[in-house]
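The values are calculated or read from the model by the stated rules, or taken from the named source; none is laboratory data. Not measured: the values here are computed from a predicted model. Cβ coordinates were reconstructed from backbone atoms using ideal geometry, including for glycine residues, and neighbour counts include every protein chain displayed. Side chains included, ligands, DNA and RNA excluded: accessible areas come from the protein's heavy atoms. Shrake-Rupley method; radii C 1.70, N 1.55, O 1.52, S 1.80 Å.
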Amino acid sequence: MIAMSLRNFLLGAAAVVAAAATGSAQDLLAVKGGKIVPIQGPVIDDGVLLIENGRITKIAKAGEVEIPWAAKVIDASGKWVLPTWVVAHSQGGQRGFNENMQNVPWLSVADAIDPSAIYFEDMLRAGVGTIHVLAGNQTLLGGFGMVVRPYGRTVEDMTVAGNTGIKMSLFAGGGGRLQQIRRLRRALTDAREVLADFERRKAEFDKEKAAGAIPADKTWTEEIDRTKKGVVDLIQKKTKGWLFVPSFAEVDEALRLAQELDLVCVLGNNIDESIAAIARLGKPVVLDENLEYFETNEETQKETKYCTAKLLADAGVPFVLTIGQAGPTSNAWWQLGTCVRNGVSREQALEALTLGPAKLLGLDAQIGSLTEGKLANLQILTGDPLQATSWVETVVLEGQITYERSKDARLQYLFGAAAEKAKATPAKDEPKPAPKAEETPAGDGNPTEAKPAEGTAGEGKPAETPKPAPQNGGTAAGEGR
Amino acid sequence: MPRPHFAPTLSLMALLATASLAAQTETRAPAKADGPIAFTHARLLPGGAAAIADGVLVVHNGRIAAIGGADTPIPEGASVVDCRGKTITPGLIDASFRTAANVADANEQGSEITPQLRALDTLDPEDKLLLRARAAGVTAVHVMPGTRSVIGGLGCVVKTAGSEPRTMLLKEDATLHITLGAEPSMGNRAIRGGEVDSIYYRRPTTRMGVVWEVRRSFFDAKQALETVAGAPQPADPGTVVLQKVLQGQLTAVTTARSEQDLRTALRIADEFGYKTVLDEAQDAHLVLDELAAAKTTVLLGAPSASLVAGTGAQDGAEPRSATVAQLAARGIPFVITTGTNLQALDLVREAMFATRNGLSPAQALDAVTLEPAKLLGIADRTGSLQKGKDADFVVWSTDPLDPAAVAESVHIDGISVLAPR
Amino acid sequence: MNRCSAAALRGSLLLALASLAAATAAPGQTPAQDLLVRCQTMVIAPDTVLQGSALLVRQGKIAYVGDEIPAEAKAGAKLVDYGSAVLVPGFVLPPTTLGRERDLAEGALPFTPDLRAVEAFDPWQEELLRLPQHGVTSVLLSPSPRNLAGGLGALVKPGSETGGGRVVTPELQLALSLAQVARNPEREPTSLMGAIDALRTALQKAKSGLASGPDALILRGVLEGSRKVTVAADTYPELLGALDLAREFGFQPVLLGATEAHKLVPRLLEQKATLVLNPLRFDQPERQLQLPSLLAEAGVPFCFGGPAESLRLSAVLAVKHGLDRRTALTALTRTPAQTFDQAALVGSLRQGCGADFVVFGGDPLDLGSPHLATWIDGVCLLGTVPGNARKSKTEDAAAVAPAAGVR
């Protein structure tokens, strides 16, 4: 217990931990030849990016800047360079993220995060550099969250910022929506009482001290009970609240809570009826990973598809995207593509996964865009980040190369070994690999070039040449993987 | 108003009164004039032929009248739709499609072997899932009875729009659905000498039992065939269907997810000498040699999903995204479907994921257009943009395999079933 | 609604008085003397409305109508004068189990076409005896839609508490079902596929002549057209399945339920189908409430299904949503009678029909009109017989109620 509170105290300093060199020391890095999309500022087609001591020192067009001879050069020719994605709200990577007890504001995800969880490996593979981990949605007051990088052997290694706020949820669990609201209000009222009581006693102490009943050198040492401190800070707006709002029915309650607390709202689906109310929140909202949902008209039985991002974009409400833990929503390109498919601009979608969440987390001075002076968190992709065929080649976090696809052992195993099998070796039993298997690059058989295009019925139709350039960054474009 | 043009070979269709395709649902745009319509300046992906960058597609009387480059002659009086920046593909075909009626009404639990039952009887043209698929570019689907019975019954191939199922039919009684694995045995209980108070006290209760049921049915049907050759038709309609399969007049579709079940499916087919294609087939990457040797087609179900449907996980199936590329590399015929997986995405997005995982865009598109058409035997009518074929096509906002692509209009028999936004 | 229930209450309270007052009627027997029934507005059949006319009832049947009544009959008959009320034929309740689900649904087997609902008929059943309160004078007692082929229905009439109901026609229509309730997870068939296949197989067997026994006899009657058939079906695939069977085996479909009928109007017309609609309720979507008027416009005959207490409400709601009043009244009376070939006996007040009529203080399609009397087979089972020495409140009501015309 004490150790935990000490750790919390250490993490409690909300200052961003300076880049701790966790890998081999590489002070000078240069990324050249790629298409740089800084998010803030114009796109540079053939650019150079210099990194020193974990920070970006220079972004310029190729030829405008000299690359230091000592720098390790990453050739990004034909590739795209972007800041890593920032996920503003996630439950991944924890062992058990929904407590049995609903009201546990003193807990912290620091105790639940498992650095070896596959989730972090997957996020790194997907180009995510910063994740804000919080308790699950099926909680009342879930405890403190923290911002981590998906790389590191211990939670301390991974920490970027601690004690980012308390997770709250209006999720209607057993007992229903009104019960949940009532419990939440009761918790807040309790906290107010505790605070009032504390201050009353402190005032009495001061009075007695002034009256001489207490020796002058005695100081007020009492602290608010640790288990209640979180919520007390919450009502004093000293701590942020991250409130999950499942649907339109809870938006009004969220508005009421937002009057009293410093809240960031995380919206679920089914919000089309309450866009105006959401706009009254007056601050950016975080969108749950599922962006599209269907609603059926009772009268005509006709279905309409809604996209939460589009609804908010149309209403002028700033929003931030998140990335899911599994399924298609665990791909950044899928989330961005969904937004653009529904009419949100590319720029807004990209910002909603980079600078937007960085601002929301208060870390925009350090991350969220490729800007000189900011931390060197960047990803190099084989193509347009909004294309399904683009893969993340390299991830640099705070100036350290933390991911290279050519060295991704798991991908190699999943694709490499299997691809060998495809070359007509006799079937043999092989140990089944870990379950998550969706992110796989083109097999090294490179079927697009080697085999007849149809393959399926072998009718000898004229072989179709695949078209790499216009559609996709081109895994077929001779990646060598 | 253009009427659907039924091919003369389908005599069943000819018997029916021409059904009016008047706007029954709100999504169908008012029918265009009877004259030809030309879609110009579109990027055409005809399927089975080279792509055309700046092309013209002319549609008349429910059929494709002409397709070609920018210099294709446009007939007199044709209305012109400028498709600059858009891509036109054939309508997508989902070779293993689950309707909303599937669980309850397409799974007859009264008996495990019901070869004569027909999924066509459960079809509702306004089925929710059908409408969703149509809005996402699917113009034809193959619907089978569910996976809870060992031999569920007959599947049919229909277009996704029409006033009633008969007018939507492309092929009636197209396939026989067999399911292997633990799923058909779910819910059955062993008779252990206690009270037998429900119909569920019966075989099979294990995967072994499931295989036994299949073999027994085919064995009996084969025997009946051999002993009553020349005698009048046996009265049992189920046996008639099984005999059709044995005689090669009907293709079996076997749903098998795990490696073990895939091998078993091929083995049984081999034993009784009938033709089967493999549905779902998540473990196909482990049996590539057997698949190649059997010269069978694989209907890969929801290749983007990481979780398997039904009892697949119980059976030991583990999907891999690399499967689709490996099948292509080995030259094993395959199509991409949505199948029974609740996590399946729209068919076009499944194809999109396949390009991420190693298929070329052309292969991916063919796997959801021309290849399923050939598999289902409807390639003479649909599945590619060719002069004379039915005008089943989709106008996409951009390349269909782009995550930002949307089906702007979907046409079946030349009639727009999804109005442009 | 309040006035109606008050009227019903009055009716039941006065039932005791009526049985005292109508001492001339022996329980269950038709009165020996002719009755001359006079009423300001008389609906003989929905297209025949007589003003200021009369009926002659003899031996429980309609002997003469209006001007045809011979003078000497008029003289010798007992006068029953309802003054300025409205008299309509008694409502015919389409196939229903009258609440006896257990006895009219054979649970062990799904396919029992030879069972007869009349075996389960209880002349003293409460629901039966309550029917006159809702204006129902005859009912098609039918096996339950829980069975694929439930059996044969019958035409029965309710009676008074002193005389029970009686059977008019013991074996009428074959009740088939493709409805959800017929698909039972505990026995075959559990799916729609299976249900349609089972019916198709049975009919095919009968057609091919391979089948024998009572089942086959009944099914052959269906194929020949001598036996009426009803099929319970609600959703589109169920309705289509029923219509396809009707087409394939050449019988005229009568569909019970028909919730999604609006999707199949051309087929219904083509196959001359008749529908028995589920009762209309206030909380249904617009489309459901407009279905009767849609069917009327298209020319598809329909009637409203039970329970009896919802009949009038269904008609009223349908009229509110566009149905014309004449068709509404037809749906309550003549259509159900005609559909089951009983139009010579019930459903209208033409010569030869049973003397089954209902008297309202105003337009029967106005829920506020008080329900004054119900007569079955020439016996007043509900309300008073005016013309007695003892004056009753009902009579006053009849006198002062404005004569509402029935278009």
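Can you give the local net charge around B:Asn188? Use residues other than it whose beta-carbon is closer than 13 angstrom to its beta-carbon, Lys and Arg +1, Asp and Glu -1.
It works out to a net charge of +3.
Compute the relative contact order of chain C as a whole-number percentage, counting only Cα pairs closer than 8 Å that sit 6 or more residues apart in sequence.
That works out to 22 percent.
Nearest 10 degrees is fine. How inclined is helix B:347-356 to the longest principal axis of chain B, computing both from alpha carbons?
With rounding to tens, the tilt is 90 degrees.
Can you give the % of DSSP beta bridges in the range B:92-376 that are antiparallel, to the nearest 5?
Of those bridges, close to 30 percent are antiparallel.
At a probe of 1.4 Å, how much accessible area disappears from chains B and A on forming the pair, both sides counted, to the nearest 100 Å²?
4500
From the gyration tensor of the Cα coordinates in the range A:247-363, what semi-axes in whole Å does the equivalent ellipsoid have, largest first, with each one equal to sqrt(5λ)?
So the equivalent ellipsoid measures 21, 20, 12 Å along its semi-axes.
So what's the angle, to the nearest 10 degrees on a 0 to 90 scale, between helix B:207-227 and the longest Cα principal axis of chain B?
Long axis of B:207-227 versus the principal axis of chain B: about 90 degrees.
Can you pull the accessible area of C:Arg350 for me, 1.4 Å probe, Å² to the nearest 10?
100
Rounded to the nearest 5, what % of the DSSP beta bridges within the protein assembly as shown are antiparallel ones?
Rounded to the nearest five, the antiparallel share is 55 percent.
Would you compute the Debye intensity of the range B:316-394 from its alpha-carbon atoms alone, equal scatterers and no solvent, and pass along log10 I(q)/I(0) at q = 0.12, 0.18 Å⁻¹ to two decimals?
Calculated log10 I(q)/I(0) at the listed q: -0.37, -0.79.
Rounded to the nearest 500, what is the 222 nm mean residue ellipticity of chain C from helices alone, with -39500 (n - 2.57) per DSSP H run of 4+ residues and division by all residues?
Helix-only estimate at 222 nm: -9000 deg cm²/dmol.
What's log10 of I(q)/I(0) for the range B:92-376 at q = 0.14 Å⁻¹, Debye sum over Cα points only, no solvent?
Calculated log10 I(q)/I(0) at the listed q: -0.98.
Where the centre of each part is set by its Cα atoms, how far does the range C:32-92 sit from the range B:78-145, in angstrom?
60
When the gyration tensor of the range C:129-270 is built from Cα positions, what are the square roots of 5 times its three eigenvalues, in whole Å, from largest to smallest?
Semi-axes, largest first: 28, 19, 15 Å.
Helix check for chain C. Which DSSP H runs span at least 18 Å along their own axis by Cα, with a mean Kyte-Doolittle hydropathy no less than -0.5?
C:2-21, C:192-208, C:236-249
Express as a percent, rounded to the nearest 5, the fraction of DSSP beta bridges in the range C:92-339 (both residues included) that run antiparallel.
Antiparallel bridges: around 30 percent, rounded to the nearest 5.
Could you tell me which of B:Thr340, B:Leu225, B:Ala136 has its Cα farthest along the dipole of the range B:92-376 towards the positive end, charges placed at Cβ (Lys, Arg +1; Asp, Glu -1), taken about the Cα centre?
Value computed over the given set: B:Ala136.
With loop defined by DSSP as not H, G, I, E or B, and exposure as at most 12 other Cβ atoms within 10 Å, which is the longest segment of chain B clear of exposed GluC sites (Glu not before Pro)?
B:196-421
Considering only protein heavy atoms, what per residue accessible area in square angstrom results for the protein assembly as shown with a 1.4 angstrom probe?
Solvent-accessible surface per residue comes out at 39 Å².
Work out the P(r) tail for chain C: percent of alpha carbon pairs separated by more than 28 Å, whole number.
So the portion of pairs separated by more than 28 Å is 46 percent.
Can you tell me the alpha carbon radius of gyration of the protein assembly as shown divided by the globular rule-of-thumb value 2.2 N^0.38 Å?
For the protein assembly as shown, the normalised Cα radius of gyration is 1.13.
Of C:Ala211, C:Gln125, C:Leu245, which is farthest along the charge dipole of the range C:92-339 in the positive direction, counting Lys and Arg as +1 and Asp and Glu as -1 at C-beta?
Value computed over the given set: C:Leu245.
For the range B:149-275, restrict the atom set to alpha-carbon positions and state the Rg and Dmax in Å.
Radius of gyration, then largest Cα-Cα span, for the range B:149-275: 16.8, 52 Å.
Restrict the search to the range C:249-306; then list the trypsin sites (Lys or Arg not before Pro) that DSSP places in a loop and that have at most 16 other Cβ atoms within 10 Å of their Cβ.
C:Lys272, C:Arg281
Within chain C, what's the longest run with no chymotrypsin sites (Phe, Trp or Tyr not before Pro) in a DSSP loop and at most 14 other beta-carbon atoms within 10 Å? Give the range, please.
C:125-281
From the cross-link list A:Lys32/A:Lys58; A:Lys240/A:Lys359; A:Lys35/A:Lys374; C:Lys207/C:Lys263; A:Lys35/A:Lys58, which pairs have alpha carbons spaced over 21 Å apart?
Beyond 21 Å between Cα atoms: C:Lys207/C:Lys263.
Among the trypsin sites (Lys or Arg not before Pro) within the range A:169-263, which fall in a DSSP loop and have no more than 13 other Cβ atoms within 10 Å of their own Cβ?
Within the range A:169-263, the qualifying trypsin sites (Lys or Arg not before Pro) (loop, at most 13 other Cβ atoms within 10 Å) are A:Lys218, A:Lys237, A:Lys238.
I'd like the carbon and sulfur percentage of the solvent accessible area for the range C:98-138, probe radius 1.4 Å, heavy atoms only, ligands and nucleic acids excluded.
Carbon-and-sulfur percentage of accessible area, whole number: 48.
Within chain C, what is the longest stretch that has no GluC sites (Glu not before Pro) placed in a DSSP loop and near at most 13 other beta-carbon atoms within 10 Å?
Between exposed loop sites, the widest span is C:187-407.
Run the dipole for the protein assembly as shown about the Cα centre, Lys and Arg Cβ at +1, Asp and Glu Cβ at -1, nothing else charged, and hand back the magnitude in debye, nearest 20.
For this selection, approximately 1260 debye.
Which value, in square angstrom to the nearest 100, describes the accessible area buried between chains C and B on both sides, using a 1.4 angstrom probe?
Protein heavy atoms only, the C-B interface buries about 1900 Å².
Along each of its three principal axes, how wide is the spread of alpha-carbon positions in the range B:218-373, in whole angstrom units, largest first?
Each principal axis gives a Cα extent; for the range B:218-373 these are 56, 33, 28 Å.
Hey, if you drop one equal point scatterer on each alpha-carbon of the range C:47-176 and run the Debye formula without solvent, what base-10 log of I(q)/I(0) do you get at q = 0.13, 0.16, 0.19, 0.21 Å⁻¹?
-0.66, -0.84, -1.02, -1.14
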